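The values are calculated or read from the model by the stated rules, or taken from the named source; none is laboratory data. Being a predicted model, the structure only gives us computed values, none of them experimental. Glycine gets a Cβ as well: all are built from the backbone with ideal geometry, and neighbour counts include every protein chain shown.
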Amino acid sequence: MSNEEVYAAGLLNRALDPATQPPEIQAFLHTELDLLHDVITEGMRVIDVGCGTGRHLLLLRDRLRLGVGVDYEHRYIAEADRRAGGRHLHFVTADATTIPVLAAFDFAMCLTNTWGTMSDKTGVLREMRRVAPKPHTRLLSVYSEASVPSRREWYRRLGHGVLEETRELL
C-alpha cells in the first residue's frame, strides 16, 4: 500500500487515536507538542507542511497571528478547515514541493515523521527554506531508528503489519 493509498484511506485519523499508540509513540507525540509550546510564541506566522487535519495549528491557534497548513490530501484539508471554524487559520491542498504562498513565515514545521514519508525530501526542504527564510526557523521531526519496534507494534494495531523493511538514508 503506497503512502497516498494509506492517507486516502483515513489511516492518519486512526493513527492519531492514543488507543492505537504504543507508549513510546505517545511519548514522542507529547514531546513534539511540548517543543512547539516552547518554540511558538504569541503573534507568530506559522506554516505546517504536511499538516494532515491541522492538529498542530489548531492546538497553537491562540498564539498565532496566522497559521497556514498545507497537505496533498484534500479530505484532511477539508476536515482541518471545518475544525478551524474560520479563524486566522487557513488550509490549502497542495504539493509540499510547490507551496502556493508568497509570504514569508516566522516558522515552518513538518512534524510527526511526515517528512520521512515524502518522496521529494530535498524539494520539501527547499520550500520550507523559501517560506521561512531566516536561520533557526524550521523544524522537522522524524522517527529515529530506535523507534522501529514501537512503530511495528503501532502499525500492527492499525491492521497494517510490516511486510518488508528497507534501509533508506539521506
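To keep it simple, each residue is scored yes or no on (1) in a helix (DSSP H, G or I); (2) within 19 Å of Leu140 (Cβ to Cβ); (3) touching a residue at least 24 places away in the same chain (Cβ under 8 Å); (4) of a type in the set (Ser, Thr, Tyr).
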position	(1), (2), (3), (4)
Glu24	yes, no, yes, no
Phe28	yes, yes, yes, no
Asp48	no, yes, yes, no
Ala80	yes, no, yes, no
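Within the range 145-166, residues that are in contact (Cβ under 8 Å) with a residue 24 or more places away in the chain and within 18 Å of Leu29 (Cβ to Cβ) have Cβ atoms under 9 Å from residues that are of a type in the set (S, T, N, Q) and in a loop (DSSP other than H, G, I, E, B) in these pairs: Ser147/Asn113; Ser150/Gln21; Arg151/Asn113; Trp154/Gln21; Arg157/Gln21, counting only partners at least 6 apart in sequence or on another chain. Can you tell me which residue is surrounded by the most Cβ atoms within 10 Å (Cβ to Cβ) among those in the range 124-170 that are assigned to a loop (DSSP other than H, G, I, E, B) and touching a Leu at 6+ places or on another chain (Cβ under 8 Å)? Result: Ser141.
Look at the range 51-72 and say how many of its residues are in contact with a Leu (Cβ under 8 Å, 6 or more places away or on another chain), part of a loop (DSSP other than H, G, I, E, B) and more than 15 Å from Phe107 (Cα to Cα). Of the residues in the range 51-72, 3 are in contact with a Leu (Cβ under 8 Å, 6 or more places away or on another chain), part of a loop (DSSP other than H, G, I, E, B) and more than 15 Å from Phe107 (Cα to Cα).
The set of residues in the range 107-140 that are under 11 Å from the mean Cα position of the chain (by Cα) and either under 15 Å from Ile40 (Cα atoms) or among the acidic types (Asp, Glu) (or both) comprises Ala108, Met109, Cys110, Leu111, Leu139, Leu140.
Only one of Asp48, Asp34 is closer than 30 Å to Arg156 by Cα and in contact with a helix residue (DSSP H, G or I) (Cβ under 6 Å, 6 or more places away or on another chain). Can you tell me which? Among Asp48, Asp34, only Asp48 is closer than 30 Å to Arg156 by Cα and in contact with a helix residue (DSSP H, G or I) (Cβ under 6 Å, 6 or more places away or on another chain).
Counting residues in the range 17-36 that are surrounded by fewer than 18 Cβ atoms within 10 Å (Cβ to Cβ), at pLDDT below 85 and acidic (Asp, Glu) gives one or more.
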